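Heads up: the structure comes next, in structure tokens.
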Amino acid sequence: MAANNRRMSGKKGAQVGSGGKRRRGLEGKGPTPPAEMRKGHAKQRAAAAKSRRAQGRPQQRRAGGKGTSELVVGRNPVVEALREGVPASTLYVQQFIDSDERVREALQLAAERGGINLMEAPRPELDRMTNGLNHQGLVLQVPPYEYAHPEDLADAAADEGEDPLIVALDGVTDPRNLGAVVRSVSAFGGHGVVVPERRAAGMTAGAWKTSAGTAARTPVARATNLTRALEAYKKAGIVVVGLAADGEVELGDLEALQGPVVVVVGSEGKGLSRLVGETCDFRVRIPMPGGAESLNAGVAAGIVLYEAARRRA
């Protein structure tokens, strides 16, 4: 009678030799696919990028936007900008200028570099261009900087088969600090710098000069919203580390630096903004036995980048 009840219940009994498991449960899922075929794996992203290059199809580029053109005014600033390799499109020289060593050097540097237009202009025209600044007969036009998109920095790391090492600046308004950070990122093998679109330093002539030419090979990305950009990095598996004087973790104890990481540096006075600080996976402090209250952005970023490079070596 019990056997009849079991048949009428519509449930199958255990299969002979199955150990009580159904047939599907005994079927294996096959071998683990190689890293190149696992979605989201660094090697898979690198393989995809290599395939795109082999097919001759350019990777879709997300525009990070352009900056605004800039004028470098005065004999000393113009010569220094040309010496440091600041990008330039046109060198304006006043008609009938009283030439000296700086004027001659500016003309020579512009000619040697190539690609810089030399334009002679009357003094009233230069006065108008510079809004009456003391241009001393030399004006250098710097073209708008082409910013990358924040995702481009992570993609570049994947193309190289490396874990991303990126620095994001929160509220840093001094272009010289931005230039110093770009220089440190280049020196320690980082993949770029992210800056907010508003209320932040951009790639001006001053930033280019401080970077000592490294801005030509280290991309700077601009984010419309820094918090959202950091959240996107986190979704991509990148750890977001914020520097704070009262951070819960000391730099020497932070193991995350050995993997994919974004280091967020705040302004010297205010530090990290509230939303950015809440977005960080870790808030890290740099020990300072000398008792200094804070470090500027360029120095702080350099210390963390050195530590990251040391651990990855």
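Which one is farthest from residue 69 (Cα to Cα), of the residues in the stretch 134-166 that are under 10 Å from the mean Cα position of the chain (by Cα) and charged (D, E, K, R)? If you could, list the steps in order and put the result at the bottom.
Residues of the stretch 134-166 under 10 Å from the mean Cα position of the chain (by Cα): 147-154, 164-166.
If we keep only those that are charged (D, E, K, R) as well, we get 151-152.
Values: 151: 25, 152: 23 Å.
Checking each candidate, the answer is 151.
Pairing residues of the stretch 82-97 that are in a helix (DSSP H, G or I) with residues that are surrounded by fewer than 20 Cβ atoms within 10 Å (Cβ to Cβ), at Cβ distances under 7 Å and at least 6 apart in sequence or on separate chains, gives 82/109; 83/109. Residue count for the stretch 144-180 satisfying the condition of being part of a strand (DSSP E or B) and within 16 Å of residue 191 (Cβ to Cβ): 6.
Residues of the stretch 214-224 that are surrounded by 15 or more Cβ atoms within 10 Å (Cβ to Cβ) and without any contact (Cβ under 8 Å) to a residue 40 or more places away in the chain: 214, 215, 218. The sole residue among 141, 136 that is polar (S, T, N, Q) and assigned to a strand (DSSP E or B) is 141. Can you spot a residue in the stretch 109-127 that is under 30 Å from residue 196 (Cα atoms), assigned to a strand (DSSP E or B) and in contact with a Ser or Thr (Cβ under 8 Å, 6 or more places away or on another chain)? No, the conditions are met nowhere in the stretch 109-127. The number of residues in the stretch 212-239 that are touching a Lys or Arg at 6+ places or on another chain (Cβ under 7 Å) and under 30 Å from residue 255 (Cβ atoms) comes to 1. A residue that is out of contact with any helix residue (DSSP H, G or I) (no Cβ under 8 Å at 6 or more places or on another chain), under 24 Å from residue 189 (Cβ atoms) and among the hydrophobic types (A, V, I, L, M, F, W, C) can be found somewhere in the stretch 235-253.
Please work out if residue 127 is surrounded by 13 or more Cβ atoms within 10 Å (Cβ to Cβ) and either under 30 Å from residue 240 (Cβ atoms) or of a type in the set (Val, Ile, Thr) (or both). In short, no.
Hey, among 247, 206, which residue is touching a strand residue (DSSP E or B) at 6+ places or on another chain (Cβ under 6 Å) and without any contact (Cβ under 8 Å) to a residue 40 or more places away in the chain?
Details: 206 fails: touching a strand residue (DSSP E or B) at 6+ places or on another chain (Cβ under 6 Å).
Selected residue: 247, the only one of 247, 206 that is touching a strand residue (DSSP E or B) at 6+ places or on another chain (Cβ under 6 Å) and without any contact (Cβ under 8 Å) to a residue 40 or more places away in the chain.
Residue-wise test of (1) in contact (Cβ under 8 Å) with a residue 24 or more places away in the chain; (2) surrounded by fewer than 16 Cβ atoms within 10 Å (Cβ to Cβ); (3) over 19 Å from residue 177 (Cβ atoms); (4) in contact with a helix residue (DSSP H, G or I) (Cβ under 8 Å, 6 or more places away or on another chain).
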| site | (1), (2), (3), (4) |
| --- | --- |
| 261 | yes, no, yes, yes |
| 275 | yes, yes, yes, yes |
| 278 | no, yes, yes, no |
| 283 | yes, no, yes, yes |
| 290 | no, yes, yes, no |
| 302 | yes, no, no, yes |
| 307 | yes, no, yes, yes |
| 310 | no, yes, yes, no |
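Out of the residues in the stretch 184-213 meeting the condition of being open to solvent by less than 10 Å² (accessible area, probe 1.4 Å) and assigned to a helix (DSSP H, G or I), tell me which one is farthest from residue 174 (Cα to Cα). Filtering the stretch 184-213 for residues that are open to solvent by less than 10 Å² (accessible area, probe 1.4 Å) and assigned to a helix (DSSP H, G or I), the one farthest from residue 174 (Cα to Cα) comes out as 185. With more than 23 Å from residue 157 (Cβ to Cβ) and not small (Gly, Ala, Ser) as the only criterion, which of 235, 209 stands out? Answer to the selection: 209. Would you confirm whether any residue within the stretch 225-247 is among the aromatic types (Phe, Trp, Tyr) and surrounded by fewer than 17 Cβ atoms within 10 Å (Cβ to Cβ)? No, that holds for no residue.
The values are calculated or read from the model by the stated rules, or taken from the named source; none is laboratory data. From a predicted model like this one, the values you see are computed outputs, not experimental measurements. All Cβ positions, even for glycine, are placed from backbone atoms using ideal geometry, and neighbour counts span all protein chains on display. Each accessible area value is taken on the protein alone, full model and side chains, heavy atoms only, with ligands, DNA and RNA left out. Shrake-Rupley method; radii C 1.70, N 1.55, O 1.52, S 1.80 Å.
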